[in-house]
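Every read-out reported here was derived from the displayed coordinates using simple, explicitly stated rules and does not represent laboratory data. Worth saying up front: this structure is predicted, and the values here are computed from it rather than measured. Neighbour counts are summed over all protein chains in view; Cβ atoms, including those assigned to glycine, are modelled from backbone coordinates with ideal geometry.
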Amino acid sequence: MFRVFGIQLSLHVSFFLLLAYFAFEGWKTGGVEGAAWSVLLIILFFGCVVLHELGHSLTAMRYGVRVPRILLMPIGGMAEMDHIPRKPSAELWITIMGPAVNFAIVLMLLPVIWNAQWFSQRLHFQDFGAVVALLAQANLLMGLFNLLPVFPMDGGRILRALLATRMPHLRATYWAATSGKVLAGAFALIAFFYFNKPLLGALFLFIFYAGDAEYRQVLIREREAAYQAEFWRRVAAMRARDVTENEPPEPPIIMLPPR
Ligand code: ZN
């Protein structure tokens, strides 16, 4: 769509399906006006999702992370970062600033809700209070939902950063991802069978696989780093012994246990 603070804001194609769905739902209950309201609410809601992602992105940029794009999908937003700092305090701040934006929005909307009558009269806008109240409620839910300790959601990242202050990065990721997978699996079952909400269940299954994928990515990166380090250590050792043979050193075999 456009750039904010040098970050490209993009919409996934499926986003238009979501807009069409909500327009249809609104139209069923209130005709054209209902459809317009429904679409307006969704746009306001995803505006808050963008602000949440900007909270992460702008903090990350302060830590030297490049953020080329924020992608909006029907299940939420995603700020694409070229790397996530290994320093636990950096990851902690970058993560916390997302939900913090939502809670800040709630705090800013509270006085408006309390004085809804006053605003409605001046703006000649009947449902003004209701819209603001809905938006505040959505932001409160967004902030709290993202703080669930399910890696790679914000709460899970906070858990990883806290664990990483006491153990190696890989091990911290393993434990955050494993406990996250157990919780995501349990939440998915509860959503499917207790609340009968298949979409929410599918979201938790998606989070389950995303957590597993990110852990494996960290594992591969650690193995590659260990391989490189060992390879160059052997090269340096050969040079130190002044070996003039043309053969390169034998490639090392690195095995990293997951914990
Ligand atoms: Zn977030």
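The table that follows gives values for the structure above.
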| item | result |
| --- | --- |
| Efficiency of FRET between Leu144 and Ile75 - r from beta-carbon atoms, R0 25 angstrom, step 0.05 | 0.90 |
| 5 angstrom amide H check on Val4, placed H, neighbours 5+ away | Leu9 |
| Point-to-point label distance, Thr29-Gln228, nm (Cα→Cβ direction, 7 Å offset) | 5.4 |
| Computed lengthening from Ala104 to Leu40, 0.36 nm per intervening residue step minus Cα-Cα distance | 20.9 nm |
| Karplus (6.51, -1.76, 1.60) ³J(HN,Hα), θ = phi - 60°, over the range 220-228, in Hz, Gly and Pro reported as x | 5, 4, 5, 5, 4, 5, 5, 4, 4 |
| Three principal axis lengths of the chain [C-alpha, angstrom, descending] | 87, 42, 35 |
| Relative exposure of Val101, Val32, judged by other C-beta atoms within 10 Å (fewest first) | Val32, Val101 |
| On Cα atoms only, tilt of 128-146 relative to the major axis of the chain in degrees | 20 |
| Loop trypsin sites (Lys or Arg not before Pro), the range 156-214 (other Cβ atoms within 10 Å of the site Cβ: 14 or fewer; DSSP) | Arg166 |
| Table column - 3J(HN,Hα) (Hz), the range 168-180, Karplus curve with 6.51, -1.76, 1.60, x for Gly and Pro | x, 3, 5, 5, 4, 5, 4, 6, 5, 5, 5, 5, x |
| Acute angle (nearest 10 degrees) that the helix 88-114 long axis makes with the longest principal axis of the chain, alpha-carbon atoms | 10 |
| Relative contact order of the chain, defined on C-alpha pairs under 8 angstrom at six or more residues apart (%) | 12 |
| Helix-only CD estimate at 222 nm, as mean residue ellipticity for the chain, using -39500 (n - 2.57) per DSSP H run (n ≥ 4) | -24500 deg cm²/dmol |
| Calculated FRET efficiency for the pair Phe5/Arg239, C-beta based, R₀ 51 Å, to 0.05 | 0.65 |
| Interchain or long-range residues, amide H under 5 Å from Lys197's placed H | Phe192 |
| In sequence order, calculated HN-Hα J values of the range 36-53 (Karplus, 6.51, -1.76, 1.60; Hz; x Gly/Pro) | 5, 4, 4, 5, 4, 4, 5, 5, 4, 4, 6, x, 5, 4, 4, 4, 4, 5 |
